[in-house]
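The values are calculated or read from the model by the stated rules, or taken from the named source; none is laboratory data. Note that this is a predicted model, so its numbers are computed, not measured. Counting neighbours? That spans all protein chains shown, and the Cβs are built from the backbone with ideal geometry, glycine included.
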């Protein structure tokens, strides 16, 4: 496994999910609500480009698309609760969200350490 590619892929997936969060959820924030559609449109191409490279590096790291997909999913479940907490004041500290975050760690760990 190429660790450099794994780190780059994970970082790019995290950046992509932050951009996607703003693209989808800015409309819910009083700070961004007025310009949410413009923000959505402005972020469309950067989101796609970051996703493209996240997948490219992820595939270099894992050698299969399923592991890349599950890494992206796991990273999303780390980014979304943090963004919802910081931007909307929605606490991730409830049983359902905490269990989901734990499961996302498990999904990523399986992809990293389970033998092929």
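Some values worked out for this structure:
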| item | result |
| --- | --- |
| Whichever residue in the range 82-101 is closer than 27 Å to residue 3 by Cβ and at pLDDT 90 or above and, among such residues, is surrounded by the fewest Cβ atoms within 10 Å (Cβ to Cβ) | 82 |
| Residues of the range 88-116 satisfying the condition of being farther than 24 Å from residue 57 by Cα and out of contact with any helix residue (DSSP H, G or I) (no Cβ under 7 Å at 6 or more places or on another chain) | 89, 93, 94, 95, 96, 98, 99, 102 |
| Any chance residue 5 is within 30 Å of residue 60 (Cβ to Cβ) and touching a residue at least 40 places away in the same chain (Cβ under 8 Å) | yes |
